[in-house]
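Asker: The structure under discussion is supplied below as C-alpha cells; questions concerning it will follow.
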Amino acid sequence: MTSLRSFLMYYLPLLEPDMNTEEDDDDFLQEPQEERRVDLVVPFKKSVKQIFRETTVVTTRRVLERLAVHYVSRRTAWKLLKDVPKSATRKAQRGLPTLVYFVRVSRTTFRGHLLGVAASWLVQVGIEIYRCFARITRSGEESDNDDKSEQAKLLGKKVTGVTIRCGASLIFASIGAGIGATMVRPSVGQWIGCAVGDLAGPIVISFCLDKTLHLDL
C-alpha cells in the first residue's frame with residue numbers, strides 16, 4: 001500500500017492533459033503543437049524516496065513501541081499502544097455525555113497517536129541533520145566558520161519547523177478524532193477524523209505562519 005500510494009502520488013499528475021486555453025484557434029491550426037516529453041525518471045526517484053521515508057517511519061514506530069513495552073510502566077505502555085478505534089466504540093457504549101465523550105476520545109487518540117508522530121519527527125529531523133552535514137561536506141575546506149554557523153542556524157529553523165508541524169499534526173488529529181467519533185460512527189469516525197486532522201494540522205499551521213510573516217513584513 002505504501003508503494004502504490006507513493007507511485008500514484010507522483011505519476012498521476014503526469015496523466016493530466018496539457019490544455020493551453022490561451023492559444024487561439026487560428027494559431028493552433030497554423031502551428032503544429034509540439035509533443036511534450038514526459039520525464040519518468042524524476043517521479044520514480046521521488047516515489048522511491050517517499051517509500052523509503054514511510055517505511056523508515058513505520059520501522060521507527062515499531063522500535064518505539066518495543067522500547068515503550070520494555071522501559072515504561074505497563075499502564076503507560078497500554079495507553080500508548082491502545083487500539084483507539086475500538087476504545088472509541090467501547091466509550092460510546094457507556095452512554096457518556098457528548099462533551100465528556102469528545103474529550104476522552106481526543107485524549108485517547110493523543111496518547112495512541114503520540115508514538116507515530118514521534119517516529120515521524122525523528123525521521124524528519126534525521127533527514128535534516130543529514131542534509132546539513134552533506135552541505136558542509138560538499139563545501140569542504142572552502143567553508144569557513146560563518147558558513148558553518150549559517151548552516152547550523154538553518155538546521156535549527158528546519159528542526160523548529162518540523163517540531164511545529166508534528167505538534168500541530170498530533171493536536172489536530174486528536175481534535176479531529178473526537179469530532180469524527182461524535183458525529184459519525186465511533187470507530188470509523190475516529191479513524192477518519194484522526195486522518196483528516198493529521199493531514200490538515202501542518203497545512204493550517206503553515207498557512208497561519210505565512211500570514212503572520214506577511215503581516216510582519
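Asker: Within the set of pairs 6+ apart or on separate chains, which have a first residue in region 153-164 that is more than 15 Å from Phe133 (Cβ to Cβ), a second that is of a type in the set (S, T, N, Q) and modelled with pLDDT of 90 or more, and C-beta atoms under 9 Å apart?
Answerer: Here the result reads Val162/Ser120; Val162/Gln124, each pair linking region 153-164 to a residue that is of a type in the set (S, T, N, Q) and modelled with pLDDT of 90 or more.
Asker: When you scan region 77-102, how many residues do you find that are over 15 Å from Trp191 (Cα atoms) and either free of Cβ contacts under 8 Å to residues at least 24 places away in the same chain or surrounded by fewer than 16 Cβ atoms within 10 Å (Cβ to Cβ) (or both)?
Answerer: Here the count works out to 11.
Asker: Given the condition under 28 Å from Phe52 (Cβ atoms) and in the same structural domain as Pro186 (by TED's automatic domain parsing), answer yes or no: does some residue in region 87-108 qualify?
Answerer: No, the conditions are met nowhere in region 87-108.
Asker: Right, another one. Quick check on Pro43: is it surrounded by fewer than 14 Cβ atoms within 10 Å (Cβ to Cβ) and modelled with pLDDT under 85?
Answerer: It is false that Pro43 is surrounded by fewer than 14 Cβ atoms within 10 Å (Cβ to Cβ) and modelled with pLDDT under 85.
Asker: Condition first: of a type in the set (A, V, I, L, M), at pLDDT 90 or above and touching a Ser or Thr at 6+ places or on another chain (Cβ under 7 Å). Now tell me which residues in region 130-184 satisfy that.
Answerer: Ala173, Ile175, Ala177
Asker: Just name the residue that is surrounded by the most Cβ atoms within 10 Å (Cβ to Cβ) out of those in region 103-138 that are touching a residue at least 24 places away in the same chain (Cβ under 8 Å) and of a type in the set (Ser, Thr, Tyr).
Answerer: Here the residue is Thr109.
The values are calculated or read from the model by the stated rules, or taken from the named source; none is laboratory data. From a predicted model like this one, the values you see are computed outputs, not experimental measurements. For neighbour counting, all protein chains shown are included, and Cβ atoms are generated from backbone atoms with ideal geometry for every residue, glycine included.
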